[in-house]
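S.K.: Before anything else, here's the structure in question.
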Amino acid sequence: MSQHLLTIITLPRMQDAMIDWLLEQDNLSGFSTAEIYGHGARHTGMSLLEQVTGRQKRTQFTAHADEAVINSVLEKLKLDFAGSGLHYMVTPLLEAGAL
């Protein structure tokens, strides 16, 4: 079966809610989080400091699973976080495993 990577990017204030939500997804075996920074020309929603430094703090979540699992999680995500401003990407994986 085809493996996919789900990447979700949120504002830090949504971090705890997203962690709780992902932990509730029984079909996911786990996920990772990372602190990242977003960069861009649009200043909407950015503080003055973020506008000056040119970066906005974000939290990134990643999970990989079978395509059907990722699609199911994504459907729920779209319903439960509609209008929240989060960004997501789904990427097919050529290979994944543990060594």
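The values are calculated or read from the model by the stated rules, or taken from the named source; none is laboratory data. Just so you know, these numbers come straight off a predicted model, no measurement behind them. Neighbour counts are summed over all protein chains in view; Cβ atoms, including those assigned to glycine, are modelled from backbone coordinates with ideal geometry.
S.K.: Within the stretch 79-88, is even one residue exposed (fewer than 13 other Cβ atoms within 10 Å of the Cβ), modelled with pLDDT of 95 or more, assigned to a helix (DSSP H, G or I) and charged (D, E, K, R)?
M.R.: yes
S.K.: Filter the stretch 66-76 for residues that are in contact with a strand residue (DSSP E or B) (Cβ under 7 Å, 6 or more places away or on another chain) and within 20 Å of T33 (Cα to Cα); which is surrounded by the fewest Cβ atoms within 10 Å (Cβ to Cβ)? Full working, then the answer.
M.R.: Initially, the stretch 66-76 is screened for residues in contact with a strand residue (DSSP E or B) (Cβ under 7 Å, 6 or more places away or on another chain), giving 66-67, 70, 73-74.
If we keep only those that are within 20 Å of T33 (Cα to Cα) as well, we get 66, 70, 73-74.
On the way: D66: 13, I70: 23, V73: 23, L74: 15.
Among those residues, the one meeting the criterion is D66.
S.K.: Continuing with this model, one more query. When T53 is evaluated against the numbered criteria (1) modelled with pLDDT of 95 or more; (2) among the hydroxyl-bearing types (S, T, Y); (3) farther than 19 Å from L86 by Cβ, which criterion, by number, is the only one it fails?
M.R.: That leaves (1) as the condition not met.
S.K.: Within the stretch 2-13, can you find the residues that are of a type outside the set (S, T, Y), modelled with pLDDT of 95 or more and either within 16 Å of S84 (Cβ to Cβ) or out of contact with any Asp or Glu (no Cβ under 9 Å at 6 or more places or on another chain) (or both)?
M.R.: Residues satisfying the conditions are L5, L6, I8, I9.
S.K.: Limited to the stretch 56-78, what total is found for residues that are at pLDDT below 95, closer than 29 Å to L94 by Cα and of a type in the set (S, T, N, Q)?
M.R.: The number of residues fulfilling the criteria is 0.
S.K.: I need the full set of residues from the stretch 2-26 which are exposed (fewer than 13 other Cβ atoms within 10 Å of the Cβ) and in contact (Cβ under 8 Å) with a residue 40 or more places away in the chain, in order please.
M.R.: Of the stretch 2-26, the ones exposed (fewer than 13 other Cβ atoms within 10 Å of the Cβ) are 2, 12-13, 16, 20, 23-24, 26.
Passing the criteria: S2, P12.
S.K.: Additional query: Determine the pairs where a residue that is part of a helix (DSSP H, G or I), located within the stretch 62-78, has a partner that is surrounded by 15 or more Cβ atoms within 10 Å (Cβ to Cβ) and of a type in the set (V, I, T) with Cβ atoms under 9 Å apart, the partner being 6 or more residues away or on another chain.
M.R.: Taking only residues 6 or more apart or on different chains, the pairs are L77/I8.
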